[in-house]
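Asker: Just dropping this structure here.
Just so it is clear, none of the values below were taken in a lab; they were calculated from the coordinates. Computed from a prediction, not measured in an experiment: that's the story for all the values here. Cβ placement follows ideal geometry from the backbone for every residue including glycine, while neighbour counts extend to all protein chains displayed.
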Amino acid sequence: MNKQKVKGKLRVYLLWPLLLSVLWLLTGIVLIIVNKNAAWVVLSVTVLYFGATLTMYLLRKKYILKEYVDFAMDYGQLQRKMLKELHTPYGILGADGMLLWGNDEFCAATGRSKAGYAIRDLLPEVKAFSLPKYDMEDRVYHAELEGRNYEVTLRMMETPEFDEEMQKLGFVNRKGQTEKLIAIYLNDETDMLALRQESFDRRQIIGLLYLDNYDEVLETVDEVKRSLLMALLDRKINMYMQNIDAVIKKLEKDKYFFVFQNKYLAELDERKFSILEEVRSVNVTGGETAITISMGLGVNADSYLKGYEYARAAIDLALGRGGDQVVVKDGENISYYGGKSESVEKNTRVKARMKAQALRELIEATDEVFIMGHANGDVDSFGSAIGIYRVAKHLGKRAYIVLNEIGSQLRPMTGRFFNNPDYAEDLFISNLKAQEMAKQSSLLIVVDVNRPGLTECPVLFDRIDHVIVLDHHRRASDSLENTALSYIEPYASSACELVAEILQYIGDGLKLRPLEAEAMYAGIMIDTNNFLTKTGVRTFEAAAFLRRSGADVTRIRKAFRTDMTEYLQKAKAISNTEIFRGNYAFAECIPEGVESPTILGAQIANELMEIQGIKASFVFTEYKGRIFISARSIDEVNVQVVMERLGNGGGHMSVAGAQLTDVTVGEAMDRVKAVLNGMIEGGELK
């Protein structure tokens, strides 16, 4: 024991009586100057004190050290006992991930009483290459052990004090260096996760449910059966809400408000919101017209008010997309369900008259109007832009149409406006020119598109404060917001149809010129595939109005005849068509020698739908570094949903498209096939 070395604060503590002798010695030396007799007394006492202290230090040192060592050993044993019986599961790993030691709680948590196994055998989540490598570095994982959930923390231990202790315990390598050890802690988070899940499940989801075509269907039902129809609808809706423990309140004759817990959302999602089919099946007349519903859900909002705002935005989106669907808004994420029915055409024109009046007031309040459609404009966007141009000129305003590229399909129409004395030279301007001329006080009218990223000049939205949207495509999640006027009607066949109705309510004797009427008539004709697709009573009424305004159908037909090169490419694409799963046509449009490949692709997609047994057609065109997809159907497949699931697509139920980048035609086909397979396996397609 006497060989023990004393160091640090303990050594100072033992030597302090001897060091005090120096103070007495200095005191005696100072007293020599004052009183020599007193000084000799102090020095004598100092010598006796030093001798006695030194003797005590030498004789009692080993006994004092023994007491300290005994205390330290008892303290170390107490520490080891406390660590072994610590309520937190704790263990020590070697640098290779082998468990060297674990306390009682660690053994109980892991279900293993002995060490000597690799930690990855116990926790597959912990890989050998993912162990901590640096001093005090932490790695955190989450794992399940014996039915409990744990947060696993691994920490590299390389402190000098820790090294000394490990050397004493024998954890040294062949070079005599301390082995690197890793501490492992298990934090039981089972109860916390359960509480978190319970809190998540109990979150309130706010929903709005609207009957899409309430008035239209009731007009076809006898008065005697109307009460029966409403009773059946209320019963269907209330029973569905009871199954998810929802509180529902009827706000109006065709509007409902409801609240339910978040834990039921997964169940509704799994069943694809079967209430859509259940309500559609209610039919008391035996006719083909059935009531459809739209639902908007606000999920994971920070407050009830925010949840209601989410629900309002979701229901607006559902109605803007044509109804008969559910839209779930979870923050910025939006999910769509349903949408299997065509939009129901409204018999009343009250809305068109109100929108026309609002449009007139906004145009009258500005000095100049900028009109633009979507990029790579087609005949519908051009014709509707021409119709709005006529409104602006009729009201005495300067108007410009933003048009960058003029393809082969547009050239027969646009060519008749150039060098025409009836029209200004700056009728058509490029996007660069539009950016230079635009002012905040100007008015921007967007036609045939409701997504800012797809317009001819997206920069104009930052330059002009007041924006109007007139479109017939279903509303997308990134649609234009905060507009001065929005008229989006998915039931319409084309943007030209909407504009033709508006023209009839502008007033003051507005008259279209024959050239303008032909441009609009051509837009309707092209978008409806010669009045075969997505046409209603109001479509033909709009066409009749344009015919009365001077549209010459024969001249239009001649203008849109196909040249020989395009016809041969079309025949080649159709002859090489692949039939996927017996009902889906896949074709590639080769753009060689074709001025407007994307338009040709759309024509091929229309042609393929004339083949018996084809439910949907998809034509792929590689053009300007992108893959353009044209999708068509009649009434069996919602191609808009298919295109939306590709990430950058949309359109109508029967007419849709998408653009893909950084893929080949073959890869694009595989992605569409994967979407179709998923929808078929999920029961969305048959």
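Asker: Between the alpha-carbon centers of region 625-646 and region 553-588, tell me the distance in whole angstrom.
Answerer: Spelled out, the Cα-based centre of one part sits 17 Å from the other.
Asker: Residue 444: net charge of surrounding residues, Cβ under 12 Å, Lys/Arg +1, Asp/Glu -1, itself excluded?
Answerer: -2
Asker: Which of the aspartates and glutamates could a cross-linker bridge to residue 686, judged by Cα under 12 Å and excluding same-chain residues fewer than eight apart?
Answerer: Leaving aside aspartates and glutamates fewer than 8 places away in the same chain, those within reach of residue 686 are 636.
Asker: Can you list which of the GluC sites (Glu not before Pro) found in region 404-452 are DSSP loop residues with at most 12 other C-beta atoms within 10 Å?
Answerer: 405, 425
Asker: For a quick size check, give me the Cα extents of region 564-681 along its three principal axes, largest first, whole Å.
Answerer: Result for region 564-681: principal-axis Cα extents of 41, 33, 22 Å.
Asker: May I pose another question? Once both axes come from the Cα atoms, what is the angle between helix 537-548 and the longest principal axis of the chain, in degrees from 0 to 90, rounded to 10?
Answerer: Result, in degrees: 50.
Asker: If you fit an axis through the alpha-carbon atoms of helix 190-201 and take the longest principal axis of the Cα set of the chain, what angle between them do you get, 0 to 90°, nearest 10?
Answerer: 20
Asker: To continue, here is another question. Among DSSP beta bridges whose residues both lie in the chain, state the antiparallel percentage, nearest 5.
Answerer: In the chain, DSSP labels about 70 percent of beta bridges as antiparallel.
Asker: Here's something else I'd like to know. Please compute the contact order of the chain in relative form: average sequence separation of alpha-carbon pairs under 8 Å and at least six residues apart, divided by the residue count, as a percent.
Answerer: Over the chain, the number comes to 7 percent.
Asker: Tell me the relative contact order for region 181-308 as a rounded percent, counting alpha carbon contacts under 8 Å between residues six or more apart.
Answerer: Worked out over region 181-308, it gives 39 percent.
Asker: Convex hull volume of the Cα atoms in region 205-338, per residue, in Å³?
Answerer: In region 205-338, the Cα hull volume divided by residue count equals 98 Å³.
Asker: Let me ask something additional. When Rg is the radius of gyration of the Cα atoms in region 350-559 and Rh is its Kirkwood radius, what does Rg/Rh come to?
Answerer: 0.92
Asker: Now for a different question. Based on alpha-carbon atoms only, what is the radius of gyration of the chain relative to the globular estimate 2.2 N^0.38 Å?
Answerer: Relative to the 2.2 N^0.38 Å estimate, the chain comes out at 1.57.
Asker: Across the Cα atoms of region 468-529, what radius of gyration and what greatest pairwise Cα-Cα distance (Dmax) are found, in Å?
Answerer: 13.1, 39
Asker: Using a cut-off of 12 Å between beta-carbons, work out the net charge of the residues near residue 589 (Lys and Arg +1, Asp and Glu -1, residue 589 not included).
Answerer: Within the 12 Å Cβ shell, the charges total -3.
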